[in-house]
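Notes for the one structure printed next.
The values are calculated or read from the model by the stated rules, or taken from the named source; none is laboratory data. Quick caveat, the model's predicted, so the values are computed rather than measured. No Cβ is skipped: glycine too gets one built from the backbone with ideal geometry, and neighbour counts run over all protein chains shown. These accessible areas exclude ligands, DNA and RNA; they are computed on the full protein's heavy atoms, side chains included. Shrake-Rupley method; radii C 1.70, N 1.55, O 1.52, S 1.80 Å.
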Amino acid sequence: MQHKTLDTLVPGELIKLNFGSSQSSLLILLGLDSEGKPVYGVLESPVFETPMCAYRMEGNIDDCLSYGTDWFLDEDHGPETMIGGSTKQPCRLFVGLRGVHLVFHPENTRSPLRNRYYYNVETKTVELGIETNQAAPIPTWRIWESRSHYLRKAGLLFEYSPE
């Protein structure tokens, strides 16, 4: 982990940020929007009502703690993980023809963003649409600080489970 400024981040960088609360928020820099402003995928935050939302950063926050871009995604493939599979609860990770995608929905109260953001974990790029009916949902997954942290089972940063 290292101390960085937001203007030095690259797409795919996983960061901890403080929005002025007593707890940090965990975000991924998704890229820049059409106006050249950074868009983040908020994994979890005490400030946002729901996890996995897209947020366009505006304001005077400059510093963060960065885990870099080599964080590790740990997937649990269940019986619903099949092409065209469906889940009863919202799913935020899919395997499709173009790779593994994290899905971030607009955060209505704090952001002018209106589209879902499909973040390709392998290419570290955003795609504004994927055919989820041609993708396999992965309902439960985790993000670890790195692969070596995952192997040691130390450094779990985030866990998503629809239940």
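Computed quantities for the displayed model
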quantity	calculated
Total formal charge among the other residues, if their Cβ is under 9 angstrom from that of residue 142, Lys/Arg +1 and Asp/Glu -1	-4
Calculated [θ] (222 nm, deg cm²/dmol) that DSSP helices of n ≥ 4 give over the chain, each run adding -39,500 (n - 2.57)	-1000 deg cm²/dmol
Value of Rg to Rh for the chain (Rh from inverse mean 1/r over Cα pairs, i.e. Kirkwood)	0.94
Pairs of lysines in the chain (C-alpha under 30 Å apart; 8 or more residues apart or interchain)	11
Taking the chain and dividing mean pair separation by its residue count, relative contact order in percent (alpha carbons under 8 Å, at least six apart)	22
Apportionment of accessible area to carbon and sulfur, the chain, percent (1.4 Å)	47
Rounded to whole Hz, the Karplus (6.51, -1.76, 1.60) HN-Hα couplings of the range 64-79, x for glycine and proline	8, 10, 10, 9, x, 10, 9, 5, 10, 9, 10, 10, 9, 8, x, x
